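One structure is given here, and the rest of the page talks about it.
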Amino acid sequence: MKTLTEIVVPQLAESLVSATIDKWLKQPGDWIDIYEPVCEILTDKVNAELPSTVAGKMVKILVGKGETVPVGTAICLVETEGGANEEQPVQAGAVTAAQTTTGFPDSAQDAPMRGRFSPAVQQLAAEHSVRLTEVTGTGLGGRITRKDVLAYVASGAGKSNSAAGAATAAAQSAVDAAAQVRSSGLHLTETPRLPKIEVEGFAGAGRGDSFIDVTPIRNTIARNMRQSVSEIPHAWTMIEVDVTNLVLLRNKLKDEFMKREGINLTYLAFLLKAVVNAIKDFPIMNSMWAVDKIIVKRDINISLAVGTEDSVLTPVIKNADHKNVAGLAKEIDELARKTREGKLTLSDMQGGTFTVNNTGSFGSILSYPIINYPQAAILTFESIVKRPVVINDMLAVRSMANLCLSLDHRILDGVICGRFLQRVKDNLESFNQESKLY
Amino acid sequence: MAAMDYIDAIRLAMKEEMERDEDVFVLGEDVGVKGGVFTTTKGLIEQFGEMRALDTPLAESAIAGVAIGAAMYGMKPIAEMQYSDFMFPATNQIISEAAKIRYRSNNDWTCPLVIRAPIGGGIFGGLYHSQCPESVFFGTPGLKIVAPYRPYDAKGLLKAAVRDPDPVIYFENKKCYKLVNGDVPETDYTVPIGKANVLREGEDITVIGYSMPLYFVEQAAEELAVEGISTHILDLRTLQPLDKNGILEAVKKTGKVLIIHEDNKTGGVGAEVSAIIAEELLYELDAPIMRLCGPDVPAMPINPPGEKFFMLNKDKVKEAMRHLAQY
């Protein structure tokens, strides 16, 4: 296939915008090799031979000897083999086509910007007592522009409307009605909704039963839970922790933290720090069963169980051991938010090596978690409750919380887990008023 | 009145000022015998001799320092930074000395100095020959900064800068040198520093800019007029001090404003212009303030597609203008 290619005046030197053809070295009909000079050109700075950018047969000279043309102007046409250089003109064509089709949006169609008024529009509307609902919007998404109001005023329409200010205010309050999305805290709403209910009333079957479609996420949860319970011999243990000092520490720091970081400082962040530090001391907790061997993972990636109304997901805090309490708090907030907004990506879900579940957030004081397959253990953080406790043969009111641990008994035994939990407990109890978040 | 290239207007301004006042002299790298790498100072050494067209060593800090000293003793130096990219070794002299002399000496000393520096890319100059350093000097009280776009302003502002009793940085756009052409009176005139200029009257959108990008704005405005979009164009001309009233008037005209410059967006002149508008004109705005600037990347790429990506052009400008008009 033969195509015609233009040779253009290149940018020969900085600041040059034009060049003059001094002499043509090739004539129509001549064969030109790539980089072979086709003509001599004169500029304010340099005089040079212009090499060809393609190989082919010179077809036509577009700019004669002695003529001065701007940089980028085509000066001759060369016929080349193949369509390697076709792409550019096609692209340019596409761009112009796209530009010419862009017109003003049709205001009769859906108009999401109809109710958004710029300060200029509101001011003009108030000034001329214009009821904005009667003005046609020609802006983006049906928006009423300043010019629309001016045109409306100029046309003399709507002169009798004096209550225009009220209309503007009413339109604005409608805009505020959008629902808010919760972005922090692990609390569930009081009346959980039932997803996709389909009631089938069988004749004579009493009041009829509800059938709920199994969603893909429900199906995944079911499969993972079944696999975990059937393959892993679970064992369970629990320890009690005195978190009174931690409560005091958090109360001292949380307002400042909210101001500084804009997120809640949760107990969970401190717990994660305590757990991660304990895992560092007992790396076997961070492992998985591989039939003929046990794989101990080097990275400590904490899967965090986050519940929503109708499912539970376990997004992962990667390299949790590299983060301080503040960093963990941010990660928790981020993952919880993404989970609730349904914005978790596959990479958020992968690579977990140990799971923590904040069961206390829904009021539990004791739970028996199922291990997040194929990990070796899962730990729950139960509700913090004030209880009378005996210290040095005296009664004291302390803030207490339970930590529950389910473990894969193929990998772990009671002694190591007991020591691990004891270390978590020590870590949690050693937080005090002087502990640093950063 | 003669049609003249931007670069010729700059050269003419220096020639006229040197003829008018023998305290005026130029200094810089290759400004004498060679006549400047862009030919900006061509012919000056022949007319005024080597004492008034000084070739200096490759040391921008020394060029600025010598010029500051001469200015303090009553001379009127025009110091050339060959490319504004090379200006940074002189920033300490300019910011810490030139800008502060009047203040520091309680009005005893002044520094009537002009520093000319070519800015801008699109000339295959890459990292060291393409920068727009306006924002580096922009926030320094004590400095005046001008950046003309039309040849008329190039001549008038340079003459005003020479006659100004305080240091003025004169940013000329090297891409404009041969590209921008216009009428320039051969008479003696100055363009006041601190006054913006309306390049085109319009009523749909306002575009505020300076230097080279206005070339694209004018072209785009011409084409958009065919589509029924009328553009009001304001050439800032002076960046420091900004013509606040000129800016506010231009914005009031349409309520929709696009600020445009080649220097990158973050911390650029457009940010300040935008802040002025936001502070003074909230109730006149009909659309969010828009900025179209160079991207926040460390340097102008030397590869042609990269440079093309970096640089503004007529299509990018037109697209932004149309977008604002449609809002």
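When each of the peptides A:58-65, B:178-185 is scored by how many other beta carbons lie within 10 Å of its residues on average, the order from highest to lowest is B:178-185, A:58-65.
In the range A:1-82, taking the dipole from charged Cβ atoms about the Cα centre, the farthest positive-side position among A:54, A:27, A:39 is held by A:27.
Expressed in nm to one decimal, what extension gain is obtained for the pair residue B:96 and residue B:59 from 0.36 nm per residue of sequence separation less their Cα-Cα distance?
Numbers: separation 37, 0.36 × 37 = 13.32 nm, distance 1.74 nm.
My answer for the length gained is 11.6 nm.
How many times 2.2 N^0.38 Å is the alpha carbon radius of gyration of the range B:197-326? Mind showing how you got there, number by number?
Working: Rg = 14.1 Å, N = 130, 2.2 N^0.38 = 14.0 Å.
Cα Rg divided by the expected 2.2 N^0.38 Å: 1.01.
Shielding by partners for peptide B:276-287, expressed as the average number of C-beta atoms from other protein chains within 10 Å of each residue's C-beta, is 4. Could you calculate the FRET efficiency of residue A:151 with residue B:201 from 1/(1 + (r/R0)^6), where r is the beta carbon distance between them and R0 is 22 Å, rounded to 0.05? For R0 = 22 Å, the calculated efficiency reads 0.70. The three principal axes of the Cα atoms in the protein assembly as shown give end-to-end lengths of 104, 71, 66 Å, sorted in falling order.
For a Förster distance of 45 Å, can you work out the FRET efficiency between the beta-carbons of residue B:248 and residue A:212, rounded to the nearest 0.05?
Values: r = 63 Å, r/R0 = 1.39.
Efficiency, rounded to the nearest 0.05: 0.10.
Please state, rounded to one decimal and in Å, the Kirkwood hydrodynamic radius that the range B:2-184 gives when every pair of distinct Cα atoms enters the mean of 1/r. List each step's numbers first, then the result.
Details: mean 1/r = 0.0624 Å⁻¹.
With all distinct Cα pairs of the range B:2-184 included, I get 16.0 Å.
With the biggest extent put first, the Cα atoms of chain B measure 58, 44, 42 Å across the principal axes. When you filter the GluC sites (Glu not before Pro) in the range A:220-322 for DSSP loop state and at most 14 other Cβ atoms inside 10 Å of their Cβ, you are left with A:309.
Counting other C-beta atoms within 10 Å, which of B:261, A:322, A:234, B:129 has the fewest, and how do the rest follow?
Values: B:261 28, A:322 10, A:234 16, B:129 20.
By the 10 Å Cβ count, ascending, the order reads A:322, A:234, B:129, B:261.
Run the Debye formula on the Cα coordinates of the range B:151-273, all scatterers equal and no solvent, and tell me log10 I(q)/I(0) at q = 0.10, 0.11, 0.23 1/Å. Ignoring solvent entirely, the Cα scatterers give -0.32, -0.38, -1.48. For the range B:2-184, the relative contact order is 28 percent, taking Cα pairs closer than 8 Å that sit 6 or more residues apart in sequence and dividing their mean separation by the residue count.
Take the Cα of residue B:73, step 7 Å toward its Cβ, do the same at residue A:3, and the gap between the two points is 6.6 nm.
Return the calculated 222 nm mean residue ellipticity for chain B, to the nearest 500 deg cm²/dmol, obtained by summing -39500 (n - 2.57) across DSSP H runs with n ≥ 4 and dividing by the residue count. If you can, show how the numbers build up before the last one.
Working: 12 runs with 116 residues, N = 327.
That comes out to -10500 deg cm²/dmol.
Karplus-based coupling profile of the range A:231-248, in residue order and whole Hz: 9, 9, x, 6, 10, 9, 8, 9, 9, 10, 10, 8, 9, 3, 5, 5, 4, 5, with θ = phi - 60° in 6.51 cos²θ - 1.76 cosθ + 1.60 and x standing for Gly or Pro.
Each Lys or Arg adds one and each Asp or Glu subtracts one; over the other residues with Cβ under 13 Å from the Cβ of residue B:75, this totals -2. For the range B:146-247, GluC sites (Glu not before Pro) are listed when DSSP marks them as loop and at most 12 other Cβ atoms sit within 10 Å of their Cβ; the list is B:186, B:201.
Could you list A:430, A:406, B:130, A:129 so that the one with the fewest beta carbons within 10 Å of its beta carbon is first and the one with the most is last? Don't jump to the answer; show the numbers that get you there.
Details: A:430 11, A:406 25, B:130 28, A:129 15.
Sorted ascending by nearby Cβ count, the order is A:430, A:129, A:406, B:130.
About the Cα centre of the protein assembly as shown, how large is the charge dipole given +1 on each Lys and Arg Cβ and -1 on each Asp and Glu Cβ? Please answer in debye to the nearest 20. Intermediate values should be presented prior to the final figure.
Values: 79 positive and 96 negative charges, 539 e Å.
Magnitude of the dipole: close to 2580 debye.
Taking θ as phi - 60° and the Karplus parameters 6.51, -1.76 and 1.60, the scalar couplings of the range B:167-176 work out to x, 10, 9, 10, 8, 9, 8, 5, 6, 6 Hz in sequence order, x denoting glycine and proline.
Between residue B:108 and residue A:18, the modelled labels are 5.5 nm apart [label points 7 Å from Cα along Cα→Cβ]. Summing Lys, Arg as +1 and Asp, Glu as -1, what charge do residues with Cβ under 9 Å from the Cβ of residue A:324 carry, residue A:324 excluded? Counting the neighbours of residue A:324, the net charge comes to +3. Please compute the net charge surrounding residue A:118, taking Lys and Arg as +1 and Asp and Glu as -1 over other residues with Cβ under 10 Å from its Cβ. So the environment of residue A:118 carries a net charge of +2. Simple point charges give the picture: +1 on the Cβ of Lys and Arg, -1 on the Cβ of Asp and Glu, and for the range B:197-326 a dipole about the Cα centre of about 200 debye. Straight-distance candidates among the aspartates and glutamates for linking to residue A:65, with alpha-carbon spacing under 15 Å and chain neighbours fewer than 8 residues away dropped: A:22, A:40, A:49.
Sorting A:236, A:24 by the number of Cβ atoms found within 10 Å of their own Cβ, with the fewest placed first, yields A:236, A:24.
The residue A:309 and residue A:223 beta-carbon pair, evaluated with R₀ = 30 Å, returns a calculated FRET efficiency of approximately 0.90.
For the range A:217-429, the Kirkwood hydrodynamic radius comes to 17.7 Å, computed from all pairs of different C-alpha atoms. Partner lysines whose Cα lies under 17 Å from the Cα of residue B:175, excluding those fewer than 8 positions away in the same chain, are identified as A:45, B:155, B:308, B:314.
Give, in nm to one decimal, the length gained when the segment between residue A:346 and residue A:236 is fully stretched (0.36 nm per residue of separation minus the Cα-Cα distance).
Working: separation 110, 0.36 × 110 = 39.60 nm, distance 3.03 nm.
Gain on extension, residue A:346 to residue A:236, equals 36.6 nm.
Quick note: the coordinates plus some simple rules give every number you see, no bench work behind them. These numbers were taken from a predicted model, which means no experiment stands behind them. Cβ: placed from backbone, ideal geometry, glycine included. Neighbour counts: every protein chain shown.
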